[in-house]
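As structure tokens, the structure follows; a few thoughts come after it.
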Amino acid sequence: MHSFEYNTRQALIQGLSIQAGKLFADLYSNGSALESETALEAYKNLRRLLPMEVDYAGDNRHIGATAAHKATQGIA
């Protein structure tokens, strides 16, 4: 089942990916290129651990993609 309500492992991964996304956004603005690149790779690897779903536009994305993306933009 692809719901954080029923899968605590996926919920933990989503939470970590949000944190890694926020760290990336901060390092991109205030850190070195190497630091931000490393944080971005951590974020991407965490996101890859989550299953895919079809979004409103019919595209396949990892579950929780909208919240995770907002974190990388400093929005969430």
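Nothing in this text is a laboratory measurement; each read-out follows from the coordinates by a stated rule. Keep in mind that what you see is a predicted model, and the values were worked out from it rather than measured. All Cβ positions, even for glycine, are placed from backbone atoms using ideal geometry, and neighbour counts span all protein chains on display.
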Listed peptides 24-31, 47-54 by packing density, highest first (mean Cβ within 10 Å): 24-31, 47-54
Difference of contour (0.36 nm per residue) and Cα-Cα distance, Thr66 to Lys44: 6.5 nm
Full-extension gain in nm, Ala57 to Leu12, via 0.36 nm per residue minus C-alpha separation: 13.6 nm
Positive minus negative residues near Gly21 (Lys, Arg vs Asp, Glu; Cβ under 15 Å): +2
Average silhouette area of the chain, convex hull of alpha-carbon atoms, in square nanometres: 5.0 nm²
